[in-house]
Amino acid sequence: MTGPDRAPSAPLPPEFDPRRTPARPDLAAAALKGRVTAARFVDGVDRRACRGRTPLTATPSAEARQTSELLFGERFTVFEDRPDGWVWGQAAADGYVGYAAAAAFGPWLGPPTHRVTAVLTHVYQAPDLKAPAREVLSLGSPLVAGAAAAGNPFVPVAGGGYVFAAHLQPWHAPPADAVATGARLVGLPYLWGGRSALGYDCSGLVQAVLGFAGYAAPRDSDMQAAELGDPVATDLARPTCRRGDLVFFPGHVGIMIDQDRLLHATAYTMSVTIEPLEAVARRDDPTRAAGIVGVRRLDPAAADRR
């Protein structure tokens, strides 16, 4: 996913991408002092997203278009706490900058101990499957979790609530296969700016499945095309691909599940789906131009084996 509407309108030096630079004409992160121009520089305060999904927007308005989102448990560094109920800050997971509802955050509780491995799971009010569900968590959500009581399948979560233990894995567990993870998400809805199981956009999906494979993927497709893997020398009209390759189109990205088929989140079907690569490349798609603009291959040695 790419788009100029996603970037804050701050005048920045050309080497600073406004999507990942916490700087506006009136306010910037203290770490940027001397590198950008702003009226005021502040140290940020780390907070924790405490909703299943928290939208990020380019402006502080409930009517603004979503540019990205935070998963439950993710860290968000707040540089401005506004009187209108919004905060402005930067996501620790990928550096994305935006506004979010202040009510969606709680105190930062420290580094995660576990992550969610189920596509979706619940935070329950009590360690009981019949207890009220407080939040819905997505695949990959980071948690600080404790130990279950003897004979109880639920573990306590820092900040309150309980999660089914079998839906979690230790944070430092070995990475999973990206393609196998992606195949579990087929049929989920497409959502512009989405990076949760309640809706992915194209680059949010790629970021999520690569994250489970140990790769720290940037947020948007243009960033991914510039920063992930190495270019594959191939005829882009008839590319030779293999499982796990990233294929880039104008403003779009997907991951190959074999040499012929692409897994992607697409606005064409409004879903995560698997399609023949050739059909996607040649499609008359009103959401983007046709054609493949690049293929990139990830180096397994570059994955964080934790």
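Read the figures in this text as sums done on the coordinates, not as results from a lab. Since this is a predicted model, take the numbers as computed values, not measurements. Please note: Cβ atoms are built from the backbone with ideal geometry, for glycine as well, and neighbour counts cover all protein chains shown.
Tabulated results
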| item | result |
| --- | --- |
| Proxy reagent accessibility, fewest Cβ within 10 Å first, across M223, M270, M256 | M270, M223, M256 |
| Between the range 237-306 and the range 75-134, the Cα center-to-center distance that results, in Å | 30 |
| For the chain: relative contact order, % (alpha-carbon pairs under 8 angstrom, 6 or more apart) | 13 |
| Alpha-carbon radius of gyration plus Dmax, which is the widest Cα pair, for the range 148-210 in Å | 14.7, 43 |
| Theoretical FRET efficiency, 1/(1+(r/R0)^6), r = Cβ-Cβ of V42 and A126, R0 35 Å, to 0.05 | 0.30 |
| Size-normalised alpha-carbon gyration radius of the chain, reference 2.2 N^0.38 Å | 1.02 |
| Mean projected area in nm² (Cα convex hull; one quarter of hull surface) for the range 178-302 | 6.5 |
| Ascending count of other beta-carbon atoms within 10 Å, so fewest first, for T117, T240, T234 | T240, T234, T117 |
| Contour minus Cα-Cα distance for A92 and D260 (0.36 nm per residue) | 57.0 nm |
| Contour excess over end-to-end distance, with Cα ends at R65 and A133 and 0.36 nm allotted per residue | 21.7 nm |
| Estimated inter-spin distance, D299 and A148, nm [label 7 Å along Cα→Cβ] | 4.1 |
| Förster radius 22 Å - calculated FRET efficiency between A176 and A233, Cβ distance, rounded to 0.05 | 0.15 |
| Contour excess over end-to-end distance, with Cα ends at D81 and D26 and 0.36 nm allotted per residue | 18.4 nm |
| Mean separation of Cα contacts under 8 Å, 6 or more apart, over the residue count of the range 77-155: relative contact order % | 21 |
| Relative contact order [Cα under 8 Å, 6+ residues apart], the range 198-242, whole percent | 26 |
| Helix-only CD estimate at 222 nm, as mean residue ellipticity for the chain, using -39500 (n - 2.57) per DSSP H run (n ≥ 4) | -2500 deg cm²/dmol |
| Burial ordering of D84, D128, fewest other beta-carbon atoms within 10 Å first | D84, D128 |
| Computed FRET value (nearest 0.05) for D284 with A226, which takes r as the C-beta separation and R₀ as 30 Å | 0.65 |
